[in-house]
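The values are calculated or read from the model by the stated rules, or taken from the named source; none is laboratory data. Just so we're clear, the structure is a prediction, and the values are computed from it rather than from any experiment. Backbone-built Cβ (ideal geometry, glycine too); neighbour counts: all protein chains shown. To get the accessible areas, we keep the full protein, side chains included, count just its heavy atoms, and leave off ligands, DNA and RNA. Shrake-Rupley method; radii C 1.70, N 1.55, O 1.52, S 1.80 Å.
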Amino acid sequence: MNEILLKTIVDAEHAAKVLQAKAPDLEVVSASLRRHPFAGFEFHVPALAGRGETARALVDYYSGKAFISDRWESDPVLEVDDVEAVSDPSWNSISFETARQRAKALLSTAALRKARLAWKGGVKETASVEKVWKPNWILDVRIQGRNYRVIVDGLNGGYFFIES
């Protein structure tokens, strides 16, 4: 199985600061790094990618959602065996082949929208990675006497509340 660990760009301290910018009285009780599995695909897409003609997509194994992504920067320090992964909810998980179909459909649609009438097709997979482990911070926080659990994206600092 081919796997890569994406480099964690947002550390725990930065993740806390992102939340404290919105809620200054927020107290971080705990923070743990968890990895979320995606399938990764690289395609030759002339109408979408421009000069390099390469476009990438990540597909979430647990939700089935596909995203156009930047180049994947692997973390050279960590080993895949050391990954603490989020648990699989099982009710909505998809296979690698389904992920492949969704990635191709996403990039085909994006190329069609960009090229419009000039679109001639031609989406062709050039590489794939079975597991791309994306970093997320799980923060247990306290705000005004109430406890919350928040996920902070380890790549871009985006966040959402998952439990209160």
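The table for this structure:
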read-out: Test: residue in the range 88-98 that is open to solvent by 70 Å² or more (accessible area, probe 1.4 Å), modelled with pLDDT of 75 or more and not in a loop (DSSP other than H, G, I, E, B); value: yes
read-out: Qualifying residue in the range 33-45 (condition: farther than 24 Å from residue 139 by Cα and open to solvent by 50 Å² or more (accessible area, probe 1.4 Å)); value: yes
read-out: Hits in the range 103-122 (condition: modelled with pLDDT under 65, outside any helix (DSSP H, G or I) and either open to solvent by less than 50 Å² (accessible area, probe 1.4 Å) or within 11 Å of residue 44 (Cα to Cα) (or both)); value: 121
read-out: Considering residues of the range 128-161 that are touching a Lys or Arg at 6+ places or on another chain (Cβ under 8 Å) and over 14 Å from residue 6 (Cβ atoms) only, the residue surrounded by the fewest Cβ atoms within 10 Å (Cβ to Cβ); value: 161
read-out: Any hit, the range 69-87, residues being surrounded by 14 or more Cβ atoms within 10 Å (Cβ to Cβ) and at pLDDT 90 or above; value: no
read-out: Any hit, the range 14-30, residues being within 14 Å of residue 72 (Cβ to Cβ) and crowded, with 17+ Cβ neighbours inside 10 Å; value: no
read-out: So residue 63, is it under 21 Å from the mean Cα position of the chain (by Cα) and part of a loop (DSSP other than H, G, I, E, B); value: yes
read-out: Test for residue 55: is it in a strand (DSSP E or B) and modelled with pLDDT under 90; value: yes
